[in-house]
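Engineer: Just passing along the structure, written as structure tokens.
Read-outs throughout are calculated quantities, based only on the coordinates presented, and are distinct from any laboratory measurement. In this text the structure is predicted, and so the values were computed from the model without any measurement. Note that each Cβ is placed from the backbone with ideal geometry, even for glycine, and that neighbours are counted across all protein chains shown.
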Amino acid sequence: GQDAQYPSENNPVPRFEVIANGLAVKDNATELTWEIKTSENLAGRYSIKPDTDPDKPDKPVKLLPDDYINNDIDGLNKSNFAGISTWRLPTVDELSSIVNLGAKIPAIYSEFAPVNTDYSYWTGTTYKGEYGASSAWTVNFNIGEVGTNNKTGAIYVRAVSGSETPARSFKPDNADTVKDNNTGLIWQKTPSAVKMTWKDALAYCESLTPGGWRLPNREELRSIVNYAIFPAINSNFNVLLGKYWSSTTNDKSAAQAWNVDFTGDLYSDGTVTTAGKTTLYYVRAVRGKSLDPPAFSLGDINHDTKVDLADVIDGLRVLDGISVTVYTDTEVNGDGKIGYEEVIYALQVAAGLRTQ
């Protein structure tokens, strides 16, 4: 099923807390503290100046020739912004962790407002593909895409403080599976032999034996990217070069879903983008509790966090041409619409004939 069908118990409540008189956000799940942008520095765009010391992360340098003070990370630290003097660029994993795919635009949690969406935000993770040390990974909070940019480019910065999130650790579980030592998730070692549509990918995973397999959500699939190597995938996995489906629907376009690029392409390997659900991509199934799913489930037509007869009734109203508020991100067949298949699915769940 889609990612929202699988519950997550990993995040504390509340996950985010605004602290330091509104200058910073504490993430209680990761123990990281994030800068809140102010009206004075919200619009500042920066290039990255590679540090001459290979053991130190790159740092952003503001592009305006005569304005290098207070708005870059050195400035934050010198001014003890929010009472903190250990600000740094986030890694790509860290910055991706504050993407909120359930939001519209911007795709970020509300505690981080304000945020810009016209350009991406820098991470301190250097890209290992064609551009080598001249490019770094970025996150765009318009819809949440993960990509790259040349370090001479002018984009935004959101600083973080705290111990750097450790890289994922994997080990063979048996001849056919790989275990994520951090989360306990079990992965197929070898992906599907053929490419398939998003709808077929959902069905393929759930048909695997023994049971419990599913299509990974976006962040789960992204977690097996290894940003330190090229091609960008952990060496425990067998790879068919290509793009791979996640179960996560693009909340801005229900006819699209998120995918991760494992093509080995020098310009795009490891990037995270969306595509139409009828596109043919490879599949790698996962087993275990979902890490961080969106709030709404397949068949939850009215977005009340449960699938019941109310969803059936709202679906029937749509089919009858009656105006009613429904949500296409809970559709089941990849066409971006609420129709007969969604009504039947919701009815089966409500009757106990199908489990979520």
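Engineer: With r as the distance between the Cβ atoms of residue 171 and residue 104 and R0 = 35 Å, compute the FRET efficiency 1/(1 + (r/R0)^6) and round to 0.05.
Structural biologist: That gives a FRET efficiency of 0.35.
Engineer: Can you give me the C-alpha center-to-center distance between the range 177-231 and the range 95-167, rounded to a whole angstrom?
Structural biologist: Cα centroid to Cα centroid, the span is 24 Å.
Engineer: Please order 170, 141 by the number of other Cβ within 10 Å, starting at the fewest.
Structural biologist: Listing 170, 141 from fewest to most nearby Cβ atoms yields 170, 141.
Engineer: Compare the Cα positions of 181, 205, 224 along the charge dipole of the range 166-287 (+1 at Cβ of Lys, Arg; -1 at Cβ of Asp, Glu; about the Cα centre) and return the one farthest towards the positive end.
Structural biologist: Most positive-ward Cα: 205.
Engineer: When 31, 145, 219 are ordered from fewest to most other Cβ atoms inside 10 Å of their Cβ, what list results?
Structural biologist: If I rank by nearby Cβ atoms, fewest first, I get 31, 145, 219.
Engineer: Percent relative contact order of the chain, based on C-alpha pairs within less than 8 angstrom and at least six residues apart? Display every interim value, and only then the final one.
Structural biologist: Values: 801 pairs, mean separation 58.1, N = 356.
Value for the chain: 16 percent.
Engineer: How far, in degrees from 0 to 90, does helix 309-319 lean away from the longest principal axis of the Cα atoms of the chain, to the nearest 10?
Structural biologist: 90 degrees
Engineer: Could you give the length gained on full extension between residue 208 and residue 241, defined as 0.36 nm per residue of separation minus the Cα-Cα distance, in nm?
Structural biologist: Fully extending the segment from residue 208 to residue 241 adds 9.7 nm.
Engineer: Looking only at the chain, where both bridge partners belong to it, what percent of the DSSP beta bridges are antiparallel (to the nearest 5)?
Structural biologist: Of all bridge pairs located within the chain, approximately 95 percent are antiparallel.
Engineer: For the chain, what does the helix formula give at 222 nm: sum of -39500 (n - 2.57) over DSSP H segments with n ≥ 4, over the residue count, nearest 500 deg cm²/dmol?
Structural biologist: Rounded to the nearest 500, the figure is -3500 deg cm²/dmol.
Engineer: Another question about this same structure. Which angle from 0 to 90°, rounded to the nearest 10, does the C-alpha axis of helix 198-207 make with the longest principal axis of the chain?
Structural biologist: 70 degrees
Engineer: For the pairs 171/199; 179/289; 306/337; 104/306; 179/306, note any where the Cα-Cα span goes beyond 25 Å.
Structural biologist: 171/199; 179/306
Engineer: At 7 Å along Cα-to-Cβ for each site, give me the label-to-label distance between residue 38 and residue 344 in nm.
Structural biologist: 5.9 nm
Engineer: Using each residue's phi in the range 18-34, evaluate 6.51 cos²θ - 1.76 cosθ + 1.60 at θ = phi - 60° and report the 3J(HN,Hα) Karplus result to the nearest Hz, with x for Gly and Pro.
Structural biologist: Rounded to whole hertz, the list is 7, 10, 6, 6, x, 9, 8, 10, 9, 9, 6, 7, 10, 6, 8, 10, 10.
Engineer: Still on this model: Treat the count of other C-beta atoms within 10 Å as a stand-in for reagent exposure and order 189, 151 from fewest to most.
Structural biologist: 189, 151
Engineer: For the chain, divide the Cα radius of gyration by the Kirkwood radius and give the resulting Rg/Rh value with two decimals.
Structural biologist: My calculation puts Rg/Rh at 0.99.
Engineer: Further question: Given the Cα atoms of the range 99-230, and with Rh set as the inverse mean 1/r over their pairs in the Kirkwood sense, what is Rg to Rh to two decimals?
Structural biologist: Taking Rg over the Kirkwood Rh, I get 1.01.
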